[in-house]
Amino acid sequence: KLAEAEFLYLNGNDLGGTIPPELLSVGAVPRLRELHLGGNRLTGTLPPSSDSGEGGLALSQLYLEDNLLTGSLPPSWGDDMYDLRRLYVGRNRIGGTVPAYEWSAGMEELRELRLGENVLTGEVPSELE
């Protein structure tokens, strides 16, 4: 049962389509600690996270690198991903600016942030220094 999963490794396949928003919803996967979706052919935008007022997602590692993802980085991730330590979103087509204020306020455990090889714009946020 996916609702009981703590680790989901789907990296390095030939998966297409969009990222199901349920994978970033505490109501659907309350125990999910690691989500590995890198190295596929995933398209579309990054889904916002949703904690449904339940205290945030349990995710500590989120790997989305090497896909075909577009859009911007969701500010809601900073509100809902308190335990996130590693976030890899490099080598996609993510644009816009880094929501540094929202992320720095909520992602206090973040130790690795990989955003390279995208199409981000703006200045390097001072919150990331």
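The values are calculated or read from the model by the stated rules, or taken from the named source; none is laboratory data. Since the structure is predicted, the reported quantities are computational estimates derived from the model, not experimental observations. Methodologically, a virtual Cβ is constructed for each residue, glycine included, from the backbone with ideal geometry; neighbour enumeration extends over all protein chains shown.
Considering every residue within segment 60-74, establish whether at least one is assigned to a helix (DSSP H, G or I), of a type outside the set (S, T, N, Q) and within 27 Å of residue 41 (Cα to Cα).
No, that holds for no residue.
Somewhere in segment 4-12, is a residue in contact with a Leu (Cβ under 9 Å, 6 or more places away or on another chain), closer than 15 Å to residue 77 by Cβ, at pLDDT 95 or above and assigned to a loop (DSSP other than H, G, I, E, B)?
No, segment 4-12 contains no residue that is in contact with a Leu (Cβ under 9 Å, 6 or more places away or on another chain), closer than 15 Å to residue 77 by Cβ, at pLDDT 95 or above and assigned to a loop (DSSP other than H, G, I, E, B).
Just to check your reading of the model, which residue among 120, 87, 69 is surrounded by fewer than 20 Cβ atoms within 10 Å (Cβ to Cβ) and either modelled with pLDDT under 95 or at negative phi (or both)?
Unique residue meeting the criteria: 120.
Is there a residue in segment 30-50 that is aliphatic (A, V, I, L, M), in contact (Cβ under 8 Å) with a residue 12 or more places away in the chain and touching a Lys or Arg at 6+ places or on another chain (Cβ under 6 Å)?
There is no residue in segment 30-50 that is aliphatic (A, V, I, L, M), in contact (Cβ under 8 Å) with a residue 12 or more places away in the chain and touching a Lys or Arg at 6+ places or on another chain (Cβ under 6 Å).
Residue 8: out of contact with any Phe, Trp or Tyr (no Cβ under 6 Å at 6 or more places or on another chain) and either hydroxyl-bearing (Ser, Thr, Tyr) or farther than 18 Å from residue 111 by Cα (or both), yes or no?
Answer is yes for this residue.
For residue 71, state whether it is touching an Asp or Glu at 6+ places or on another chain (Cβ under 7 Å) and under 26 Å from residue 27 (Cα atoms).
No; evaluated as a whole, the condition is false for this residue.
Any idea which of 82, 63, 9 is among the hydroxyl-bearing types (Ser, Thr, Tyr) and either at positive phi or crowded, with 19+ Cβ neighbours inside 10 Å (or both)?
63
Name the single residue that is farthest from residue 67 (Cα to Cα) among those in segment 90-114 being touching a residue at least 40 places away in the same chain (Cβ under 8 Å) and surrounded by fewer than 18 Cβ atoms within 10 Å (Cβ to Cβ).
Selected residue: 109.
Look through segment 24-58, keep the residues that are buried (at least 20 other Cβ atoms within 10 Å of the Cβ) and not in a loop (DSSP other than H, G, I, E, B), and return whichever of them is modelled with the lowest pLDDT.
The residue in question is 25.
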